[in-house]
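Here the structure comes first, spelled out in structure tokens, and everything after it is commentary.
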Amino acid sequence: MSQDHFKLTAVVPLPNYRLRLTYADEQIFEIDLNEWIKTTKALRPLQDNSLFEQAKIGFAARSVEWVEDELDLAADNLRNLAIEQGGGIGFERIWNWLDETGLTLDQAADALGISRRMLIYYRDGEKTIPRSIWLACLGWEAVRPKGNTLPQHIPTAREYAALHT
């Protein structure tokens with residue numbers, strides 16, 4: 001897998017701490033970095049508009065860079081944030097879900113009713129995660145089924161809270 005979908009071909013700084021990012025798979029995203037800049041100490045220098053406007057493609061086209069080897073953001077993280085800001089399901093959610101559940105790829109794919117390969121596409125950001133798949137992840141988390149049978153009872157909000165305290 002080449003992961004060209006994380007390679008940048010263009011970075012355009014926009015007003016109000018926004019960037020237009022073009023990736024090698026021809027996807028274009030506009031991303032708002034206001035919150036990250038305000039809340040992340042390492043990014044505070046970007047509050048200086050003249051510095052922010054210097055955004056460019058970084059090393060190996062895998063980052064946006066402002067100060068070489070000192071101030072940059074990874075292209076994969078930016079793509080994930082852009083997807084989330086656009087109302088989509090970012091691929092990092094699948095990574096986190098797999099980590100939190102402790103499921104193997106085979107177990108997770110079986111639990112979601114999809115192929116292992118498709119789960120890898122979602123996890124690696126190669127394919128857009130359908131809302132139904134993310135809802136299935138949340139549903140699995142809510143009921144934590146045992147074995148191959150689906151639960152007959154979905155917990156109420158109170159039951160779910162009690163299970164996770």
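The values are calculated or read from the model by the stated rules, or taken from the named source; none is laboratory data. Values in this document were obtained by computation on a predicted structure and should not be read as measured data. We place every Cβ from the backbone using ideal geometry, glycine too, and count neighbours over all the protein chains shown.
Within segment 37-50, residues that are in the same structural domain as Leu19 (by TED's automatic domain parsing) sit with their Cβ atoms under 9 Å from residues that are part of a helix (DSSP H, G or I) and polar (S, T, N, Q), at 6+ positions apart or across chains, in these pairs: Ile37/Gln47; Lys38/Gln47. Screening segment 61-99 for residues that are farther than 28 Å from Ala136 by Cα and not hydrophobic (A, V, I, L, M, F, W, C) and picking the one that is modelled with the lowest pLDDT gives Asp69.
Answer yes or no: is there a residue in segment 53-62 that is surrounded by 14 or more Cβ atoms within 10 Å (Cβ to Cβ), free of Cβ contacts under 8 Å to residues at least 12 places away in the same chain and either out of contact with any helix residue (DSSP H, G or I) (no Cβ under 7 Å at 6 or more places or on another chain) or over 15 Å from Ala82 (Cα atoms) (or both). No. For segment 72-87, taking the residues that are out of contact with any Gly (no Cβ under 8 Å at 6 or more places or on another chain) and surrounded by fewer than 17 Cβ atoms within 10 Å (Cβ to Cβ), the one that is nearest to Ile129 (Cα to Cα) is identified as Gly87. Just to be sure before I move on: is Ile31 more than 20 Å from Gly88 (Cβ to Cβ) and of a type in the set (Val, Ile, Thr) in the structure I sent? In short, no.
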